[in-house]
Each structure stands twice: as C-alpha cells, then as structure tokens.
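Before any comments, here is the structure.
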Amino acid sequence: MSEELHQRLAEVRARIASAAEAAGRASGDVLLIGVTKTHPPEVAQAAVDAGLVDLGENRVQEWVAKRDRVHGARWHLIGQLQRNKVKDVVGHQVLIHSVDRRRLADALSRHAVQADTLQRVLVQVNVGDDPAKGGCEVSGTLDLVAYARDLPNLAVEGLMTMPPLPPSGVDPGEATRPHFATLRQLRDQARERFPEVVHLSMGMTADLEAAVAEGATMVRVGTALFGARRDGPWRPEEDAG
Ligand SMILES: *Cc1c(COP(=O)(O)O)cnc(C)c1O
C-alpha cells in the first residue's frame with residue numbers, strides 16, 4: 001500500500017506544481033490536505049509517514065474514533081459541524097473549514113475560550129447556491145466574516161467552498177472554475193477590511209488545477225491519493241475483524 005501511496009502522492013504534488021507554475025505561483029503556496037474519510041486509520045498513518053501530515057475528515061464522529069490511532073497528523077475538519085459536536089473539535093483541529101452560521105461561530109468561540117485556545121477557522125461559502133452543499137450565502141459572507149472575527153479566541157483566516165457537482169459530460173475544471181473565481185473575489189473583498197483573511201480552501205481530485213489557477217492556498221484531495229471511498233464511515237469495530 002505504501003509504495004502505491006508514495007506514487008500517488010508524487011503524482012498529486014506534480015499536478016499542483018504544474019498548475020501553480022502555469023499560474024505563475026509557487027507550489028509551496030498551496031497546502032495539500034489528504035482527505036482520509038471512510039478510510040481506516042492505517043491509511044491515514046501511512047500518509048503521515050509519507051510526509052503528508054495535513055489530513056482532513058468530514059465527520060466528527062469518524063474522526064474522533066480515528067484520531068488516537070494516528071500519530072503526527074494535523075487534522076482539518078472539512079465537513080458540516082453540529083453545535084453539539086463543537087466541544088469535541090475545538091483545540092484538536094488545526095483548522096475548521098466549515099463555519100457557515102453565526103450560532104456555530106458563537107459556539108466555537110465559547111468553547112475556545114473555555115479551552116483557553118485560539119481556534120483557527122474558515123468561513124464556508126455555498127458559491128453555487130447548491131441545496132446539497134453547506135455554506136453561507138454569497139451575499140452573507142462578508143457579514144459572517146466580520147461577525148466571527150470579532151468573537152473571542154476565534155481567528156478567521158479565509159474562505160472555503162465546495163462547488164456543485166458538474167453535470168456529466170462537462171469538464172469538472174471548466175464547470176467549477178467560475179465558482180472558484182467567485183470565492184477568490186469574496187476573499188479579496190474580505191481581505192481589504194481584514195488582512196488576516198488570506199486562505200482559499202478549494203479544489204479536490206477532479207478540479208484542483210482550476211482551483212490553483214484561481215488562487216487556492218489549500219486543496220483537499222481524497223480519491224487521487226487514497227483511491228475510491230467506501231460507502232460509509234470507518235468504524236473502530238472493524239479493527240476486531
Ligand atoms: C470528500 C471531500 C473532498 C475530497 O474529494 P475527492 O474528490 O475525493 O478528492 C474534499 N473536500 C470535502 C469537503 C470533502 O468532503
């Protein structure tokens with residue numbers, strides 16, 4: 001497994017490097033986050049051992065079950081977050097990519113104060129206005145950034161998005177690029193007022209080149225690194241079998 005992973009990791013890094021070069025950017029300005037959801041902890045550990053320490057999970061429960069079995073990872077929460085799960089993540093995740101409403105920001109701030117930690121977050125934007133996707137509305141983005149950054153112990157460092165799935169037959173990069181451009185414009189507007197709002201978390205296996213071309217500073221890649229995902233989350237019971 002680990003030889004194949006090394007190979008895939010090299011391929012993904014090469015894709016990022018050539019997209020960055022084409023855009024006149026340094027590939028070091030794009031952080032690769034390996035998305036390990038549904039995969040067992042050994043896969044996540046193999047990634048860390050191969051030098052990919054930034055890992056993303058989208059379900060809090062699955063990540064909680066995995067986290068003690070993986071050493072040396074820097075975890076990113078990239079999925080929707082319920083307020084009753086906030087206590088499990090604050091202080092344990094380097095970056096929470098999915099702040100999409102005021103009450104969630106309030107809860108994160110409150111727990112960060114209690115834990116005496118500074119929690120880094122991104123505001124997730126539903127750029128394609130897609131009912132299947134999380135995120136605040138485009139028109140509400142700057143307000144939410146302004147609101148969340150004023151809360152104690154919360155650092156809003158940028159924006160994240162997951163554009164709508166392109167229709168079949170349409171090149172994913174072409175379909176998603178305008179959405180990535182929208183997120184970049186929002187980030188630029190936010191940064192004029194708040195210089196710390198720098199990051200753009202956008203781009204996945206199918207469209208990372210388009211995202212890097214539009215200024216992504218973080219890409220979240222699962223399939224190209226770890227292969228096809230299983231149907232459901234990984235569960236600790238599986239270790240017994
Ligand atoms: C699963 C997931 C990814 C990775 O998608 P791939 O197409 O497998 O690279 C990226 N971002 C989020 C939010 C995800 O849930």
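Contact map, region 84-100: first residue at positive phi, second residue open to solvent by 50 Å² or more (accessible area, probe 1.4 Å) and within 13 Å of the ligand (Cβ to nearest atom), Cβ cut-off under 7 Å, separation 6 or more or different chains; the map is empty. Of everything in region 1-41 that is among the β-branched types (Val, Ile, Thr) and not in a helix (DSSP H, G or I), the residue that is nearest to Arg177 (Cα to Cα) is Val30. Can you pull out every residue in region 26-52 that is open to solvent by 40 Å² or more (accessible area, probe 1.4 Å) and either touching a strand residue (DSSP E or B) at 6+ places or on another chain (Cβ under 8 Å) or of a type outside the set (Asp, Glu) (or both)? If the condition is that a residue be open to solvent by 40 Å² or more (accessible area, probe 1.4 Å) and either touching a strand residue (DSSP E or B) at 6+ places or on another chain (Cβ under 8 Å) or of a type outside the set (Asp, Glu) (or both), then Ala26, Ser27, Gly28, Leu31, Gly51 are the ones that fit. The set of residues in region 156-167 that are over 16 Å from the mean Cα position of the chain (by Cα) and more than 15 Å from the ligand (Cβ to nearest atom) contains only Pro167.
Among the residues making up region 70-86, those that are farther than 19 Å from Gly203 by Cα, buried (at least 19 other Cβ atoms within 10 Å of the Cβ) and under 17 Å from the mean Cα position of the chain (by Cα) are Ala73, Leu81, Val86.
Those residues that are surrounded by 21 or more Cβ atoms within 10 Å (Cβ to Cβ) and closer than 20 Å to Arg8 by Cα, I need them from region 53-69; list them, please. Leu55, Gly56, Glu57 - these are the residues of region 53-69 that are surrounded by 21 or more Cβ atoms within 10 Å (Cβ to Cβ) and closer than 20 Å to Arg8 by Cα.
Pick out the one residue from Gly227, Gly215, Gly232 that is modelled with pLDDT under 95, small (Gly, Ala, Ser) and open to solvent by less than 30 Å² (accessible area, probe 1.4 Å).
Being modelled with pLDDT under 95, small (Gly, Ala, Ser) and open to solvent by less than 30 Å² (accessible area, probe 1.4 Å) holds for just one of Gly227, Gly215, Gly232, which is Gly232.
Is region 102-114 home to any residue that is out of contact with any helix residue (DSSP H, G or I) (no Cβ under 7 Å at 6 or more places or on another chain), away from the ligand (no atom under 16 Å from the Cβ) and small (Gly, Ala, Ser)? The answer is yes; a qualifying residue exists. Scanning region 167-199 for residues that are surrounded by 19 or more Cβ atoms within 10 Å (Cβ to Cβ) and either in a loop (DSSP other than H, G, I, E, B) or in contact (Cβ under 8 Å) with a residue 60 or more places away in the chain (or both) yields Leu186, Val197, His199.
Can you tell me which residues in region 114-166 are out of contact with any strand residue (DSSP E or B) (no Cβ under 9 Å at 6 or more places or on another chain), open to solvent by 40 Å² or more (accessible area, probe 1.4 Å) and hydrophobic (A, V, I, L, M, F, W, C)? Across region 114-166, the qualifying residues are Ala115, Ala132, Leu142, Leu165.
Scanning region 87-113 for residues being open to solvent by 20 Å² or more (accessible area, probe 1.4 Å), of a type in the set (A, V, I, L, M, F, W, C) and either farther than 24 Å from Lys37 by Cα or more than 14 Å from the chain's Cα centre (by Cα) (or both) gives a total of 1. Of all the residues in region 200-241, those that are assigned to a helix (DSSP H, G or I) and within 12 Å of the ligand (Cβ to nearest atom) number 6.
The values are calculated or read from the model by the stated rules, or taken from the named source; none is laboratory data. The model shown is predicted, which means the values in this text are computed figures rather than measured ones. Ideal geometry is used to build each Cβ from the backbone, glycine not excepted, and the neighbour counts take in all protein chains shown. Only protein heavy atoms, including side chains, enter the accessible area calculation; ligands, DNA and RNA are left aside. Shrake-Rupley method; radii C 1.70, N 1.55, O 1.52, S 1.80 Å.
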